[in-house]
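Only one structure is covered here, and it is reproduced in the block below.
The values are calculated or read from the model by the stated rules, or taken from the named source; none is laboratory data. Since this is a predicted model, take the numbers as computed values, not measurements. Note that we place each Cβ from the backbone using ideal geometry, even for glycine, and neighbour counts take in every protein chain shown. In case anyone asks, the SASA skips ligands and DNA or RNA and just uses the protein heavy atoms, side chains included. Shrake-Rupley method; radii C 1.70, N 1.55, O 1.52, S 1.80 Å.
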Amino acid sequence: MSDPRCTDGRAAGAGQNASHAPPSFVRLTVNVERETMRTLQRLAEANRVSLTDGIGRAVTMWEFLTDQVAQGNRIALIHPGGTIQTLDMR
């Protein structure tokens with residue numbers, strides 16, 4: 001049977017029911033441009049999420065879009081008037 005581990009090496013759910021184990025986190029320190037930080041803060045506030053959740057959403061979206069392009073799909077926006085704009089994700 002597998003032995004999932006938390007980031008600190010403890011077995012997941014040690015001392016408690018493993019199905020109710022808290023999510024495992026890793027502290028990450030990054031340098032971003034001021035404008036990037038302002039954008040992250042604005043988006044997090046507008047969507048009523050924490051910066052941590054906002055960054056997680058951004059990474060999830062980036063992964064999804066990258067996977068779709070890797071599968072040969074194209075990413076497009078359909079504007080209200082019906083105009084289609086294809087995005088270059090390279």
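The condition of being part of a helix (DSSP H, G or I), of a type in the set (Ser, Thr, Tyr) and within 12 Å of the chain's Cα centre (by Cα) holds for only one of 52, 39, that being 52. Here the stretch 38-65 is the region considered, the condition is being hydroxyl-bearing (Ser, Thr, Tyr) and either open to solvent by 70 Å² or more (accessible area, probe 1.4 Å) or at pLDDT below 95 (or both), and the residue that is nearest to residue 24 (Cα to Cα) is 52. Taking the stretch 25-52 as the range and being closer than 24 Å to residue 90 by Cβ and among the charged types (D, E, K, R) as the test, the residues that pass are 33, 35. A count restricted to the stretch 53-73 and to residues that are more than 14 Å from residue 89 (Cα to Cα) and aliphatic (A, V, I, L, M) stands at 3. Here is the figure for the stretch 56-85: residues that are more than 30 Å from residue 41 (Cα to Cα) and among the polar types (S, T, N, Q) total 3.
Every listed requirement among (1) at pLDDT below 95; (2) open to solvent by less than 90 Å² (accessible area, probe 1.4 Å) is met by residue 25 save one, (2).
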